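FYI, it's all coordinate maths here, none of it is from the lab. Computed from a predicted model, the values in this text were never measured in an experiment. With ideal geometry, Cβ positions are generated from the backbone for all residues, glycine too; neighbour counts draw on all protein chains shown.
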Amino acid sequence: QHLRLAQDHEDAPQRFADAAFTLGAAALEDGDYEKAIAWLEQLPREGEALDALNRASYAYADSLEKAGYAESAALEFAALGGYEDADERADKLEYGIALGEMETAPESALLRFEGLGKYKDAPEQAQVCRYTIARMRYDEGKYEDALARFEALGSYEDAKLQVRRSRYALAGQRVAEEK
């Protein structure tokens with residue numbers, strides 16, 4: 001910290017960079033990934049510093065996954081971009097989270113599947129979520145929303161039948177409101 005305060009004095013910036021790299025590398029070696037990241041993030045993202053930061057971030061994401069923090073691990077892997085297999089691991093975690101949310105939080109699962117693009121069967125799973133959400137809206141009596149969602153599904157499953165059901169329910173709802 002003293003080197004940081006004396007940043008305008010002679011070679012203080014270089015000394016700070018050397019110290020930060022040394023401390024970051026030592027923390028990485030000791031398996032203290034968060035500490036390593038904290039030191040290495042203060043350096044320009046280039047050369048050895050960037051490599052060490054990527055290794056620390058990857059190891060940290062891996063430790064999060066092993067500890068059961070899939071959401072946090074997915075975010076960390078995604079932030080690494082094309083480093084090693086980070087993109088693939090982020091997608092795999094995100095896919096697993098989305099599958100787990102399909103029953104309890106289909107809106108969230110839908111966003112995750114859409115974000116995965118063509119990964120595995122994400123487009124098909126997104127359709128399942130869209131259908132589930134449309135059914136939920138119908139069951140909640142939100143017929144206009146359900147109708148729009150079923151229409152957007154086109155020929156998926158029995159969406160055309162559900163469009164007719166939604167129109168009929170919506171008409172009945174409007175008649176009841178006029179009374």
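Structure values in brief
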| quantity | calculated |
| --- | --- |
| Charged-residue dipole, Cβ positions (Lys, Arg, Asp, Glu), the chain about Cα centre, Debye nearest 20 | 1340 debye |
| Total lysine pairs whose alpha carbons fall under 28 Å of each other in the chain (8 or more apart, or interchain) | 11 |
| The stretch 112-170: trypsin sites (Lys or Arg not before Pro) in DSSP coil with no more than 15 other Cβ atoms inside 10 Å | Lys118, Lys120 |
| Exposed GluC sites (Glu not before Pro) absent: longest stretch of the chain, with sites in DSSP loops and at most 10 other Cβ within 10 Å deemed exposed | 47-102 |
| Whole-number D in µm²/s for the chain (Stokes-Einstein; Kirkwood sum over Cα pairs; 37 °C, 0.692 mPa s) | 165 µm²/s |
| Kyte-Doolittle mean at least 0.0, axial Cα span of 18 Å or more - DSSP H helices of the chain | 12-30 |
